[in-house]
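Visitor: Sharing a structure, written as structure tokens. Questions coming.
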Amino acid sequence: MRVAPVLRRTLAFALLWWVLVEGSSVSWGIGLASVGLATFASLRLWPPAHWRISYAGVAAFAGWFLLESAKGAVQVAALAFQRRPDLAPRIIEISLALPAGAATVLIVNVLNLLPGTMCTDVEGKILRVHVLDGRLPVVEEVRAAEARIARMLGVTQ
Amino acid sequence: MPDSAREFFSAVFLVIGAFFYLAGTVGLLRFPDVYTRLHALTKADNLGLGFLVLGLAVQAESLAAALKLLLIWPLTLAASATVGYLIARRARALGISPWLRPEDR
Amino acid sequence: MNLALVFDLLLALMLLWSAWRALAAPNATRAVVMFIVFGLFLTLAWGRLDAPDIALAEAAIGAGLTGALLLDAVRTLGESAGADAGGARSPWRWPVLAFSPLLAVILVVAVLEAPQQLVDLPAVVERNMGLSGVTHPVTAVLLNFRGYDTLLEVAVLLAALFGLLALAQGAASAATRESFLLHTLARLATPPMIVVAGYLLWAGAHQPGGAFQAAAVLAAAAVLLHLAGLLPAWVAPGRLLRLGLAGGLLVFLAVAILPLAHAPLLTYPPAWAGALILLVETALTVSLGLVLAGLFLFLSGRSLRDEETR
Amino acid sequence: MSTGLLYALAGVLLFVMGMAGAIIMAGALRKILAFNIMGSGAFLVLVGLAQRDGIPDPVPQAMVLTGIVVAVASTALALALARRLAADGDEER
């Protein structure tokens, strides 16, 4: 087993512990045990993969995601308070360009939080998406999200 | 940051957060079917929660305490995106067809 | 009238309303969902009563785990098990409905007229905190001052699990196949949940938290893994699992009888109290986590096979 | 009226409601729900009444904490019994 992913995860869980105990230092006994167990469980459940995640990509993605999810919330709030909510829902099918696995999981999760889209089904590469307003250019937005995820994970579409 | 400014920003964030929760709940009650209601809950409540934890984190006594509060947000996001998908998929599997505008039917 | 009282009144009304709906809803699924809602209102009530320990347990166990158990039961028992919400056929219907308001009035008067406590318990606890080995009063009561209650309670839990195992009918292997999204969530969430359980265990010594809440988090992780099909089916406990299930009680018992030579049962020497409580709580966290998870896993052995793989 | 007393009174009403439900409801699942509501009512009385002066009392709080765990265990056992009962009922028919 390679050492780098083990170290990285141990460090991440140690950071989580530090945050939870708010920096208290009297707690390292239970802390070390739980961090060790968590690292072990994480390696069992999620064996290290050979991805090349670009950290700049993650930062750019996070910024874009924050802005978009805020837009989504504003859109829903505006609709909710309209006298007659102006909804034009429909279900569209999109063929995914991303590879199966983590990238697909991520796009489904992200689409559920982005403005106006909610995945209802994935069949192979076909994604069925419930759209709140079918008059908006949803397919283009899904494609844009796909491209960003591909860039962040360093996978080819 | 001086305490008064902290309290001011905290209050502003909490009010914004509460507003989005209200919007999500109003949407839940007013939208026509399970799919559109899921939109209301996942989107509005997530931003609402984001502002709530931000409002509380501003008041936190230490960096770690603030981070602990902010950590709640991504965890809830992941859970609600997954649960939203599971409910939508279950609804599809049960054959619940989505609500359409009269002119789209 | 101040705002807090208005909130409390509203919450009390919501408690009564959701309980009523859980009993009177037309079908079983709806009844169970209303019961979960009731559990969440109750969580808020515990918060208002300055009982964060109970609020944590109520949210995770009262609403969460019990809700999961009941929803699973609706699926296997079918809607018919929750039928006859009105109870129209019961011969006791009218006598009970006539007697209930009377009983309610008697009990309300009894609560309003209840005499003051002869012993000021909070003050007694406060005075003895220095001897308890911890600084959080609820943990001090739970594992030191009234440790025998907790000891017996752990035994009761184990007994309930034995009963359940005796009743479970050769659960088929859980070929649980669920959505790949749930799969991912379970795999990503479990390791941080372990850290959070460790944190709750640590926190119990001086703030809300402790073995019960930590165990609830561990059990939740196990249920999540089970629903995602990542945990092997729990049909009958093997040797290691048996040890895990009983370990908490065994460690607690050992710690309880250790001082018997020169002191009554469960009297810790004050200098050692903190370390002994931590030892017991750690063992309890693992065992209670397994028992709570077992309540769900052994019961829902034949589950979710109808779900499609994605 | 203090917060503690208010919730103790709500607990009384929940207890009575749950008790009536446990007797007159027909389905096993409803009876189990009713028992749980009864128990929750008792928990509220226990903690609420002890704290009617507004001072948190750790003793009933600790008891209720263990009570919640016992309640879930008994619920699980009751559900196993209900399941067994339903299965046996099917065989007899």
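The values are calculated or read from the model by the stated rules, or taken from the named source; none is laboratory data. Model, not experiment: these values are computed from the prediction. Cβ placement follows ideal geometry from the backbone for every residue including glycine, while neighbour counts extend to all protein chains displayed. Areas reflect the complete protein model, heavy atoms only, side chains present, ligands, DNA and RNA absent. Shrake-Rupley method; radii C 1.70, N 1.55, O 1.52, S 1.80 Å.
Visitor: Filtering the stretch C:112-133 down to residues that are among the acidic types (Asp, Glu) and assigned to a helix (DSSP H, G or I), which residue is surrounded by the fewest Cβ atoms within 10 Å (Cβ to Cβ)?
Guide: Of everything passing the filter in the stretch C:112-133, C:Glu113 is surrounded by the fewest Cβ atoms within 10 Å (Cβ to Cβ).
Visitor: Scan the stretch A:100-136 for residues that are more than 8 Å from chain B (Cβ to nearest Cβ), assigned to a strand (DSSP E or B) and in contact with a Ser or Thr (Cβ under 9 Å, 6 or more places away or on another chain) and report the count.
Guide: Of the residues in that region, 5 qualify.
Visitor: Scan the stretch D:68-93 residue by residue and report those that are surrounded by fewer than 19 Cβ atoms within 10 Å (Cβ to Cβ), among the charged types (D, E, K, R) and at the interface with chain C (Cβ under 7 Å from one of its Cβ atoms).
Guide: Across the stretch D:68-93, the qualifying residue is only D:Arg84.
Visitor: May I pose another question? Yes or no: D:Ala22 closer than 26 Å to C:Ala60 by Cβ, more than 7 Å from chain C (Cβ to nearest Cβ) and modelled with pLDDT under 95?
Guide: The answer is yes for D:Ala22.
Visitor: Quick one: in the stretch B:1-32, of everything that is within 15 Å of B:Ala57 (Cβ to Cβ) and β-branched (Val, Ile, Thr), which residue is farthest from the chain's Cα centre (by Cα)?
Guide: Within the stretch B:1-32, the match that is farthest from the chain's Cα centre (by Cα) is B:Val12.
Visitor: Restricting attention to the stretch C:142-153, report how many residues are modelled with pLDDT of 90 or more and more than 22 Å from D:Leu81 (Cβ to Cβ).
Guide: 3
Visitor: If a residue must be among the aromatic types (Phe, Trp, Tyr) and closer than 11 Å to B:Ser10 by Cβ, how many such residues does the stretch B:51-91 contain?
Guide: 1
Visitor: Which of the residues belonging to the stretch D:4-17 are open to solvent by less than 40 Å² (accessible area, probe 1.4 Å) and within 7 Å of chain C (Cβ to nearest Cβ)?
Guide: D:Gly4, D:Leu6, D:Tyr7, D:Ala8, D:Leu9, D:Ala10, D:Val12, D:Leu14, D:Val16
Visitor: Right, something else. Looking only at the stretch C:223-258, count how many residues are small (Gly, Ala, Ser), modelled with pLDDT of 85 or more and open to solvent by 70 Å² or more (accessible area, probe 1.4 Å).
Guide: Of the residues in that region, 0 qualify.
Visitor: Within 7 Å of another protein chain (Cβ to nearest Cβ), of a type in the set (A, V, I, L, M, F, W, C) and crowded, with 22+ Cβ neighbours inside 10 Å - does that describe any residue in the stretch B:73-80?
Guide: No, because not a single residue in the stretch B:73-80 is within 7 Å of another protein chain (Cβ to nearest Cβ), of a type in the set (A, V, I, L, M, F, W, C) and crowded, with 22+ Cβ neighbours inside 10 Å.
Visitor: State yes or no: is A:Ala102 closer than 17 Å to B:Ala81 by Cβ, open to solvent by 30 Å² or more (accessible area, probe 1.4 Å) and at pLDDT below 85?
Guide: yes
Visitor: Let me ask something additional. Take A:Phe81 and tell me if it is free of Cβ contacts under 8 Å to residues at least 60 places away in the same chain and closer than 18 Å to B:Lys43 by Cα.
Guide: yes
Visitor: Of the residues B:Phe13, B:Phe51, B:Phe8, B:Phe19, only one is over 25 Å from C:Leu185 (Cα atoms) and crowded, with 19+ Cβ neighbours inside 10 Å; which?
Guide: When all the criteria are applied, what remains is B:Phe13.
Visitor: Taking the stretch C:22-37 as the region of interest, how many residues are without any contact (Cβ under 8 Å) to a residue 24 or more places away in the chain and facing chain D (nearest Cβ under 10 Å)?
Guide: 2
Visitor: Condition check: open to solvent by 30 Å² or more (accessible area, probe 1.4 Å) and modelled with pLDDT under 90. Does D:Ala42 satisfy that?
Guide: no
Visitor: Taking the stated definitions as given, is A:Phe81 among the aromatic types (Phe, Trp, Tyr) and facing another protein chain (nearest Cβ under 7 Å)?
Guide: yes
Visitor: What is the one condition in (1) more than 9 Å from chain A (Cβ to nearest Cβ); (2) among the charged types (D, E, K, R); (3) touching a strand residue (DSSP E or B) at 6+ places or on another chain (Cβ under 6 Å) that B:Arg105 does not satisfy?
Guide: Failing condition for B:Arg105: (3).
Visitor: Pairs please, first residue from the stretch A:116-129 and closer than 19 Å to A:Leu87 by Cα, second anywhere and surrounded by 23 or more Cβ atoms within 10 Å (Cβ to Cβ) and among the aromatic types (Phe, Trp, Tyr), Cβ atoms under 6 Å, 6+ apart in sequence or on different chains.
Guide: A:Cys119/B:Tyr85
Visitor: Consider C:Ala261 against the criteria (1) in contact with a helix residue (DSSP H, G or I) (Cβ under 9 Å, 6 or more places away or on another chain); (2) of a type in the set (Gly, Ala, Ser); (3) open to solvent by 50 Å² or more (accessible area, probe 1.4 Å): it satisfies all of them except one. Which criterion is unmet?
Guide: (1)
Visitor: Looking at the stretch D:55-67, is at least one residue among the charged types (D, E, K, R), more than 7 Å from chain C (Cβ to nearest Cβ) and over 11 Å from the mean Cα position of the chain (by Cα)?
Guide: Within the stretch D:55-67 (the criterion being among the charged types (D, E, K, R), more than 7 Å from chain C (Cβ to nearest Cβ) and over 11 Å from the mean Cα position of the chain (by Cα)), the answer is no, since none of the residues qualifies.
Visitor: Could you list, in sequence order, all residues of the stretch B:59-69 that are out of contact with any helix residue (DSSP H, G or I) (no Cβ under 7 Å at 6 or more places or on another chain) and in a helix (DSSP H, G or I)?
Guide: Those that are out of contact with any helix residue (DSSP H, G or I) (no Cβ under 7 Å at 6 or more places or on another chain) and in a helix (DSSP H, G or I): B:Leu63, B:Ala65.
Conditions tested, residue by residue: (1) farther than 18 Å from A:Val129 by Cβ; (2) touching a residue at least 12 places away in the same chain (Cβ under 8 Å); (3) outside any helix (DSSP H, G or I).
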{"position": "B:Phe20", "(1), (2), (3)": "yes, yes, no"}
{"position": "B:Arg37", "(1), (2), (3)": "no, no, no"}
{"position": "B:Thr42", "(1), (2), (3)": "no, yes, no"}
{"position": "B:Ala57", "(1), (2), (3)": "yes, yes, no"}
{"position": "B:Leu86", "(1), (2), (3)": "no, no, no"}
{"position": "B:Ala91", "(1), (2), (3)": "no, yes, no"}
{"position": "B:Glu103", "(1), (2), (3)": "yes, no, no"}
